[in-house]
1. Among the numbered criteria (1) touching a strand residue (DSSP E or B) at 6+ places or on another chain (Cβ under 7 Å); (2) farther than 21 Å from M181 by Cα; (3) not charged (D, E, K, R), which single criterion is violated by F29?
2. Could you list, in sequence order, the residues of the stretch 223-265 that are within 16 Å of the ligand (Cβ to nearest atom) and modelled with pLDDT of 95 or more?
3. How many residues are closer than 21 Å to R58 by Cβ and of a type in the set (A, V, I, L, M, F, W, C) if we restrict to the stretch 99-110?
4. I need the full set of residues from the stretch 271-289 which are among the β-branched types (V, I, T), farther than 19 Å from K158 by Cα and within 16 Å of the ligand (Cβ to nearest atom), in order please.
5. Would you please name the residue that is surrounded by the fewest Cβ atoms within 10 Å (Cβ to Cβ), looking only at residues in the stretch 61-97 that are outside any helix (DSSP H, G or I) and of a type in the set (D, E)?
6. Can you tell which of L23, L43, L51 is modelled with pLDDT of 95 or more, in contact with a Leu (Cβ under 8 Å, 6 or more places away or on another chain) and part of a helix (DSSP H, G or I)?
7. Keeping to the stretch 107-140, report how many residues are part of a helix (DSSP H, G or I), more than 18 Å from I84 (Cβ to Cβ) and within 16 Å of the ligand (Cβ to nearest atom).
8. So which of N280, N247, N267 ends up being more than 30 Å from A72 (Cα to Cα), in contact with an Asp or Glu (Cβ under 9 Å, 6 or more places away or on another chain) and without any contact (Cβ under 8 Å) to a residue 60 or more places away in the chain?
Amino acid sequence: MSFNRKDILGLQEMSREEIEYILDTAVPFKEITLRPIKKIPTLRGKTVINLFYEPSTRTRTSFELAGKRMSADVINISTSASSIVKGESLKDTALTLQALGADVVIIRHGMSGAPHLVGQTIKAGVINAGDGTHEHPTQALLDLYTIREKKGQVAGLKVAIVGDILHSRVARSDIWGLTKMGAEVVVAGPNTLLPPELQSLGIKACTNVEEAIKDADVIQVLRIQQERQEKGLFPSLREYSRLYGINHERLKYAAKDVLVMHPGPINRGVEITPDVADSNQSAILDQVTNGLAIRMALLYLLAGGGGEV
Ligand code: CP
């Protein structure tokens with residue numbers, strides 16, 4: 001199949017075939033990231049702009065590295081040092097980047113739908129690097145890649161997503177991606193952190209974490225997003241950790257070869273114990289490594305001209 005999207009905005013709108021195409025495209029890029037000389041000329045002369053209105057370590061750095069490894073000119077816009085602090089609107093900022101010749105704009109924004117507005121405003125490709133509590137499609141793609149790499153396939157696996165589902169754009173993108181790829185998805189967390197729309201997505205939701213992770217092949221642990229929390233959604237972090245934290249004792253409920261994942265950043269000792277995060281069952285750092293391959297693949301598909309990798 002050929003890939004005909006201008007923008008990567010979410011997995012809700014993507015077909016299983018498109019998702020598989022992106023994962024397959026990332027395979028040779030993963031191989032390139034393991035070579036002694038990692039630079040390729042694929043995006044020479046192209047301009048990639050990182051426009052992050054919220055903090056990021058993994059996503060911003062891996063997009064920057066992906067662009068640089070492919071020989072693109074990569075610009076990082078720090079919102080605190082840009083004309084955004086003078087009140088420039090998102091639309092005018094996007095038009096300015098277009099006037100400067102951007103080929104791809106990667107945007108993270110606290111408002112759901114902000115990347116969609118930018119995508120409608122400019123001719124350049126736009127990649128959603130996380131919008132509010134809506135979607136984080138490149139995270140879900142790297143999660144799917146990691147599961148497929150470690151387990152051979154995604155279809156037929158039981159995947160438990162545990163934690164703050166309500167505020168999580170990763171959970172939403174993971175749910176769309178995993179269900180489209182044929183996985184059984186169960187989510188778990190305190191009632192106050194489970195959004196009501198889960199039923200309409202055909203997802204099983206549990207308030208009992210042991211029930212959710214029973215026989216799970218994969219557990220995706222989510223961060224408690226203290227910056228987005230209203231007060232009073234659960235009594236305390238200590239209580240949350242006791243009832244929902246993923247520790248070795250709890251892992252006994254899951255499949256013997258369960259893969260433990262976390263999109264990061266981790267709150268060690270809150271949603272996951274340090275010994276589990278650092279164990280052989282943990283794929284947390286593999287997720288980060290695979291994020292580079294996925295983001296190289298996406299830049300290639302949007303700006304690489306569609307030739308052989
Ligand atoms: N997983 C993730 O999006 O991490 P960053 O916020 O560090 O980009």
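The values are calculated or read from the model by the stated rules, or taken from the named source; none is laboratory data. Remember, it's a predicted structure, so these values are computed and weren't measured experimentally. Note: ideal-geometry Cβ built from the backbone for every residue, glycine included; neighbour counts use all protein chains shown.
1. Here F29 clears every test but (1).
2. So in the stretch 223-265, the residues within 16 Å of the ligand (Cβ to nearest atom) come out as 223-228, 260-265.
Scanning the stretch 223-265 gives V260, M261, H262, P263, G264, P265.
3. Of the residues in the stretch 99-110, the ones closer than 21 Å to R58 by Cβ are 104-110.
Restricting the remaining residues to those that are of a type in the set (A, V, I, L, M, F, W, C) gives 104-107.
Result for the stretch 99-110: 4.
4. Residues of the stretch 271-289 among the β-branched types (V, I, T): 272-273, 276, 284, 288-289.
Filter again for farther than 19 Å from K158 by Cα, leaving 272-273, 276, 288-289.
Within the stretch 271-289, I272, V288, T289 meet the criteria.
5. E88
6. On the way: L43 fails: part of a helix (DSSP H, G or I); L51 fails: part of a helix (DSSP H, G or I).
So the residue among L23, L43, L51 that is modelled with pLDDT of 95 or more, in contact with a Leu (Cβ under 8 Å, 6 or more places away or on another chain) and part of a helix (DSSP H, G or I) is L23.
7. Residues that pass the stated criteria total 4.
8. Numbers: N280 fails: in contact with an Asp or Glu (Cβ under 9 Å, 6 or more places away or on another chain); N267 fails: in contact with an Asp or Glu (Cβ under 9 Å, 6 or more places away or on another chain).
Selected residue: N247, the only one of N280, N247, N267 that is more than 30 Å from A72 (Cα to Cα), in contact with an Asp or Glu (Cβ under 9 Å, 6 or more places away or on another chain) and without any contact (Cβ under 8 Å) to a residue 60 or more places away in the chain.
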